[in-house]
Amino acid sequence: MHDNSAAFAAKMPVLHFADFYGTPIRVTKHPVHGRMMMANDVVKALGYTIKVGGTRTILNGLKVAHANRILLKGDDFNRSARHVPTFQNATFLPREGLDQLVTGAAAKKVVTFRPWMDDVMTNGIGMKRPVPAVNPYAAVDGTPWE
């Protein structure tokens, strides 16, 4: 059972949504693992179809190390935040796991996803920051997610 105090809730990760050209990707900043993106959302954004075996099969095929896959429970997240998790368990990828995923992916969307991912993982997501429409490589100022 979790402590419901404000001090405890402040240490719990908060779920946010980042917009990758109309595809929402769930992201969080974990107190131990740092910034992470939900593996399921990233795999879908790259154009892969999730079939039997789920995201795990695709991550194995793209050689994402098990050490770079962080399993989080929906109950691990701050429930008083704006976005409440609707999943029981989900795999999140820290920067190392995302780099392995993008390196192994053959999807055409990697060309636009990699610079977007680099920006989000470095600068965080802004609540109203637009996705670059013309040049996905252009630098965009942003506020870190906290």
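Of note:
- With the simple model of a label 7 Å out from the Cα in the direction of the Cβ, Arg82 to Asn60 spans 3.8 nm.
- Local net charge near Gly47, Cβ-Cβ under 9 Å (Lys/Arg +1, Asp/Glu -1): +3
- Other residues whose C-beta falls under 10 angstrom from the C-beta of Thr28 contribute a net charge of +2, scoring Lys and Arg +1 and Asp and Glu -1.
- If you bin all the Cα-Cα distances of the range 22-92 at 10 Å, starting from zero, the percentages per bin are 18, 53, 27, 3.
- Extending 7 Å from Cα along the Cβ direction at Thr112 and again at Thr49 yields two label points whose distance is 2.1 nm.
No lab work stands behind these numbers, since they all come straight from the coordinates. Owing to the predicted nature of the structure, the values given are computational and were not obtained by experimental measurement. Please note: Cβ atoms are built from the backbone with ideal geometry, for glycine as well, and neighbour counts cover all protein chains shown.
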